[in-house]
Amino acid sequence: MSKQVLKSGTSIGANIRESVNAQSRMDFINKLNIALKEANETEYWLELIHESGIIDDKQFDSIYNDCGKIVATLTKIIKTTKSIQN
């Protein structure tokens, strides 16, 4: 499970980095949507790791809250970008 967190967690940043050089607004939104999906997947794996007792409540709360902030930020950026008129 920890390998899954590493994989999905690092994919968030990779997709955000790719969005910086997006070829269009839709490409930018698409790359951020992929990052958002990876962040949601990371939350899932963190929940499983926590429920299995691999990490304690304090560790989980800290990491999970950070991941939640990433989800909220990406969601806001995507919604704002979609609402911008050409």
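Here is a list: 22, 39, 35. Which entry is out of contact with any Leu (no Cβ under 8 Å at 6 or more places or on another chain) and small (Gly, Ala, Ser)? Only one candidate qualifies: 22.
Tell me, yes or no, whether segment 14-25 has at least one residue that is within 13 Å of the chain's Cα centre (by Cα), surrounded by fewer than 18 Cβ atoms within 10 Å (Cβ to Cβ) and assigned to a helix (DSSP H, G or I). So far as segment 14-25 goes, yes, one or more of its residues are within 13 Å of the chain's Cα centre (by Cα), surrounded by fewer than 18 Cβ atoms within 10 Å (Cβ to Cβ) and assigned to a helix (DSSP H, G or I).
Among the residues making up segment 26-78, those that are over 16 Å from the mean Cα position of the chain (by Cα), loosely packed, with under 15 Cβ neighbours inside 10 Å and not charged (D, E, K, R) are 26, 48, 52, 53, 54, 59. Are there any pairs, at least 6 apart or on different chains, whose C-beta atoms fall under 7 Å, with the first in segment 6-33 and at negative phi and in contact (Cβ under 8 Å) with a residue 24 or more places away in the chain and the second part of a helix (DSSP H, G or I) and open to solvent by 100 Å² or more (accessible area, probe 1.4 Å), and if so, which? Short answer, once both residue conditions are applied: 29/82.
Residue-level check: of (1) in a helix (DSSP H, G or I); (2) aliphatic (A, V, I, L, M); (3) open to solvent by less than 90 Å² (accessible area, probe 1.4 Å), residue 6 misses just (3).
Just checking, does segment 30-43 include any residue being assigned to a helix (DSSP H, G or I), touching a Phe, Trp or Tyr at 6+ places or on another chain (Cβ under 6 Å) and not hydrophobic (A, V, I, L, M, F, W, C)? Scanning segment 30-43, I find no residue that is assigned to a helix (DSSP H, G or I), touching a Phe, Trp or Tyr at 6+ places or on another chain (Cβ under 6 Å) and not hydrophobic (A, V, I, L, M, F, W, C), so the answer is no.
The values are calculated or read from the model by the stated rules, or taken from the named source; none is laboratory data. Computed from a predicted model, the values in this text were never measured in an experiment. Every residue, glycine as well, gets a Cβ built from its backbone with ideal geometry; the counts of neighbours run over all protein chains shown. To get the accessible areas, we keep the full protein, side chains included, count just its heavy atoms, and leave off ligands, DNA and RNA. Shrake-Rupley method; radii C 1.70, N 1.55, O 1.52, S 1.80 Å.
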